[in-house]
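Structure, as structure tokens:
We did not get these values from a lab; they are worked out from the coordinates using the rules stated. As the structure is a prediction and not an experimental result, all values here were calculated from the model. Note that we place each Cβ from the backbone using ideal geometry, even for glycine, and neighbour counts take in every protein chain shown.
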Amino acid sequence: MFDIERWQEIFDTIRKNKLRTFLTGLSVASGIFILVILLGFGQGMQNGIAKEFAADASNRIWVWTQVTTKEYKGLNPGRRIELKNENYDYVNSRFSDNLDKKSPVYRVRDVSVNYGKETIGYSIQGVSSGFQFIENQFLSQGRFINQSDEESVAKVIVISNKIKREYFKNGEDPMGEYLDLSGIKFKIIGVFGDVGGEREEDRMFIPITTAQRVFNGANQVNNLSYTLQPAESFEQAVVESMQFSQELKSYLQEVHSVAPDDGSAINVYNTLENAKRFYGLTGNIKFFFWFVGICTIIAGVVGVSNIMLIVVKERTREIGIRKALGAKPISIVGMILHEAIFVTAISGFSGLVFSMALLELVGPLIEVDYILNPSVNFNVALSTVFVLILAGALAGFFPAWRAAHIHTIDALRDQ
Amino acid sequence: MIEIKNLHKSYKMGSNSLHVLKGINFSVEEGELVAIMGSSGSGKSTLLNILGMLDEADSGEYTLDGVPIKNLNETKAANYRNKFLGFVFQSFNLINYKTAMENVALPLYYQRVARKEREKKALMYLERVGLKEWATHLPSELSGGQKQRVAIARAMAAEPKVLLADEPTGALDSKTSLEVMELIQKINDDGNTILIVTHEADIAQMCKRIVHLKDGVIVEDKKVKQVRASSYVQ
Ligand SMILES: Nc1ncnc2c1ncn2[C@@H]1O[C@H](COP(=O)(O)OP(=O)(O)OP(=O)(O)O)[C@@H](O)[C@H]1O
Ligand SMILES: [Mg+2]
């Protein structure tokens, strides 16, 4: 390896056999290049999908109700199930260890909202302070509904960025302004935005207590929404939240006398369940890219082996001449391997550098749904280069060994 | 210098085998210039290849410069070849991507001579065969005679004890053949031992001794009065 004479001999050979060297190098470099790009895009897709999920707090649990579809305990099907404050309070105390954020939702109906002379055609929801986190909303101005608003049944309202844009033109500041909800004045205390997009901004929030009392909700609740305490791992989180959803559903079915197998009366939606499917999908995508990548590497290895076979075959006579001049078999094998390793290493690293540079430069510019910042783990890429070098060496070794041990006279006869 | 006793060699081809050398006894002193003659297929090349350790005999003894040559493996043979022997082939066997000088320097590489030294020596030997100006040319840019002279320079560069040449003039026209023979005679005059395989009588007459092979045995072995290649009218 540190034999300078050998290096010179190899550089001579490489310099004088440019095409052969180039072709070997090209197949190695392109193998690495394709692998890195593939792995990069696999990662990019995973990043992209992960980002889509960041839109909502990812372990959100959401309860809604419909009519019963089954007869149960002497009750006819077709009964509308209505959640109550007691249900919400009971769940809070029973699962207090599991729950992180929580909020009931009461949808206020048949109320006209006016700002000055204009009518605002968006819905109003009564919620608690936790709702902001559950829905992954941010505040652009002011504050969200808080605990004391609820306790004091305050007449305050949080509007969305979209509503602000549509109704407070010319940069008018909505903060402290009043909206008229069927004749009752509500003070605007905040402006929220939703990472989930505009569609999530078609609404306004008031305290749940105010919604129920002022707008005849009594103790009715339309939805329950929760996030759970973070778990140690994703798997753990899935297990815990599935169990929670199940227990929650059973409890609600029991208190509302719903048949346990009634699929639609009480619904618990668990984002993690969905997320799990998607994460599974990204896993599969990643696996697929790895699979294709490894096939590429295998193709590269086969290509390198092939070239090595041909190179050695082509050089059989030269090997015979060298041996007639006194070259030992070991020095023949050494020469061929040294050249093979050198060429694979140089071209492998060039492929690596080139593809990583491309990912680095072009990656962040890619704006396609579900692909975000494709990148590749440098160590992984480096390892594949070494695998290829090793494969090249191995692929070169056997034909070189055989050629070096052919009887000199037979090698010389080779045409 | 060379001593062989009762040398046998046969080639196996499928189920039958071809007995080529059937007990050769033969010795060569230092400084001799020997021509090996015989009809095609008589085993001349086979004998020369065994002497050159490019091939192995089935039985018999072979001593080269006092060293018994036996139990050859490739590594050992390579060592002996490098130390003792120089080859000249009918088809030149130059490495086509190396220049004349690099070809001549190659045996020195395997003697682990340093690069500078190699190049100096190679140039010196190229000068001796009259091709110093062609040092940087590739074999493809040389004529047949020039190629063979490069090959001879290469064989001489390692300073072997014995030079073995298998039909060195076989691929050359008669004028070029004379040039090559003149060179070989000159090298022999310097005291080198040389064996030449040929089936041209006039080439053989330029040696000092002629050995005739027929059907795998030596049928005639005589000293001759050497004809100088330079004595031919050009
Ligand atoms: N590798 C081999 N395998 C089988 N048979 C061989 C081999 N080499 C030579 N022979 C046979 O051995 C015999 C002697 O061959 P050799 O090459 O020694 O002849 P030669 O005297 O050099 O002939 P020529 O003047 O044609 O070169 C021939 O019949 C040849 O066919
Ligand atoms: Mg022959």
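At a glance:
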read-out	value
Of B:Lys44/B:Lys186; B:Lys175/B:Lys208; A:Lys313/B:Lys161; B:Lys12/B:Lys208; A:Lys313/B:Lys120; A:Lys313/B:Lys132, those spanning more than 26 Å from alpha-carbon to alpha-carbon	A:Lys313/B:Lys161; B:Lys12/B:Lys208; A:Lys313/B:Lys120; A:Lys313/B:Lys132
Candidates A:Val368, A:Val108, A:Val385: whichever shows maximal mean-square fluctuation once chain A is modelled as a Gaussian network with Cα springs under 10 Å	A:Val368
Electrostatic dipole magnitude of the stretch B:2-231 [Cβ: Lys, Arg +1; Asp, Glu -1; Cα centre; debye, to 20]	400
Order by protection proxy (mean Cβ within 10 Å, highest first), peptides B:104-114, A:308-318	B:104-114, A:308-318
Electrostatic dipole magnitude of the protein assembly as shown [Cβ: Lys, Arg +1; Asp, Glu -1; Cα centre; debye, to 20]	1780
GNM flexibility winner over chain B from B:Met37, B:Met13, B:Met181 (Cα, springs under 10 Å)	B:Met13
A:Thr69-A:Asp89 FRET efficiency (beta carbon distance; Förster radius 30 Å; 0.05 resolution)	0.60
Max mean-square fluctuation residue, GNM over chain A, Cα-Cα springs under 10 Å, options A:Asn59, A:Asn219, A:Asn379	A:Asn379
Mean Kyte hydropathy of 1.6 or more with a Cα span along the axis of at least 30 Å, helices from DSSP in chain A	A:329-362
Efficiency of FRET from Cβ geometry, B:Asp189 and A:Val302, R₀ 60 Å, rounded to 0.05	0.55
Mean residue ellipticity (222 nm) of chain B, computed from DSSP H runs ≥ 4 via -39,500 (n - 2.57), nearest 500	-10000 deg cm²/dmol
Neighbour-limited loop hits for GluC sites (Glu not before Pro), the stretch A:161-215 (at most 12 other Cβ within 10 Å; DSSP other than H, G, I, E, B)	A:Glu172
Charge context of A:Gln246, other residues only, Cβ under 13 angstrom, K/R +1, D/E -1	-3
Cut-off 12 Å between beta-carbons: net charge of the residues surrounding B:Met124, Lys and Arg +1, Asp and Glu -1	+1
Nearest-ten-degree value, helix B:74-84 long axis tilted from longest Cα axis of chain B	60
For the protein assembly as shown, alpha-carbon Rg relative to the globular expectation (2.2 N^0.38 Å, N residues)	1.79
Simple label model, 7 Å out from Cα along Cβ direction - A:Trp7 to A:Leu390, nm	2.6
Positive-end residue of A:Gly74, A:Ser350, A:Ala154, charge dipole of the protein assembly as shown with Cβ unit charges	A:Ser350
Extended-chain gain in nm, criterion 0.36 nm per residue less alpha-carbon gap, A:Phe354 and A:Asp414	17.6 nm
Kirkwood Rh, angstrom, chain B [1 / mean 1/r, Cα pairs]	18.2
